[in-house]
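Just below is one structure, and these are the notes that go with it.
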Amino acid sequence: MSDFTAIRDVTLQLRWLLFEGLSETNIGNHHVDPQSISVFSPSDVISGNEHGLMSVFLFRIEPSSASRTESQAGDSASAQVDLYYLMTPTSGEPDTDQLILGRTIQILERNRNLRGSSRMPNLSVSPVDARVTPSDLSFAESARIWDAMDEPYRLSVCYRVGGVTIDTA
């Protein structure tokens, strides 16, 4: 079970996981530090309001399908949600952005169980038991997200972190 910090903790775990993986990778002239992985919208990073080589932007939260099944069975002690993240490289260099995106996909595919992959040094973040999977966001849906940010479309991928539990008691 997770308390109300679960959404934040998942975001921080993803950020740390990507930092570790990208820092082990040669990304041209770019130095990767924890602040290189931004949780701000790609629009904020692209416009220069925030620093980063990669935006890990939480753009949607939905009730988990597993949650709907449990609530029908009468379990109201917790809620499960699915978190959707838009992963956008923001180096400003197309070759580097493609390297970052390829490495991001590799890192997330190797670490589908978020709890098992967590090696965060911050003990105030609770490991959350959730599954990371690619989301089949269509080009039209992706374009709508970019339009809402008032930015031209940029190369990005979407991942779903499913089954994040939040205690309701």
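The values are calculated or read from the model by the stated rules, or taken from the named source; none is laboratory data. Note that this is a predicted model, so its numbers are computed, not measured. Neighbour counts are summed over all protein chains in view; Cβ atoms, including those assigned to glycine, are modelled from backbone coordinates with ideal geometry. Calculation scope for accessible area: heavy atoms of the full protein, side chains included, ligands and nucleic acids excluded. Shrake-Rupley method; radii C 1.70, N 1.55, O 1.52, S 1.80 Å.
Figure the gain on full extension for His31 and Thr5 (residue separation times 0.36 nm, minus the Cα-Cα span) and round it to one decimal in nm.
Values: separation 26, 0.36 × 26 = 9.36 nm, distance 3.00 nm.
6.4 nm is the gain from fully extending His31 to Thr5.
Out of every Cα pair in the range 19-69, what percent are spaced more than 17 Å from each other?
Numbers: 635 of 1275 pairs.
Roughly 50 percent, rounded to a whole number.
For the chain, the fraction of 1.4 Å probe accessible surface lying on carbon and sulfur atoms is 50 percent. Along the Cα-to-C-beta direction of Ile61, a point sits 7 Å from the Cα; which residues of the range 6-46 have their amide N less than 14 Å from that point? Label zone hits: 6-12.
Helix 139-148 and the longest principal axis of the C-alpha atoms of the chain enclose an angle of approximately 80°. Ranking Ser78, Pro34, Ile7 by Cα position along the charge dipole of the chain, where only Lys, Arg, Asp and Glu carry charges on their C-beta atoms, puts Ser78 farthest toward the positive end.
Helix-only mean residue ellipticity at 222 nm, the chain, DSSP H runs n ≥ 4 weighted -39,500 (n - 2.57), per residue, nearest 500. What is it? About -11000 deg cm²/dmol.
Report the charge-dipole magnitude of the range 128-168 in Debye, nearest 20, computed about the Cα centre from +1 at each Lys and Arg Cβ and -1 at each Asp and Glu Cβ. If you can, show how the numbers build up before the last one.
Numbers: 4 positive and 7 negative charges, 29 e Å.
The dipole magnitude comes to about 140 debye.
Simple rule: put +1 on each Lys or Arg Cβ and -1 on each Asp or Glu Cβ in the chain, find the dipole, and look at Ser43, Val128, Leu155; the Cα lying farthest toward the positive end is Val128.
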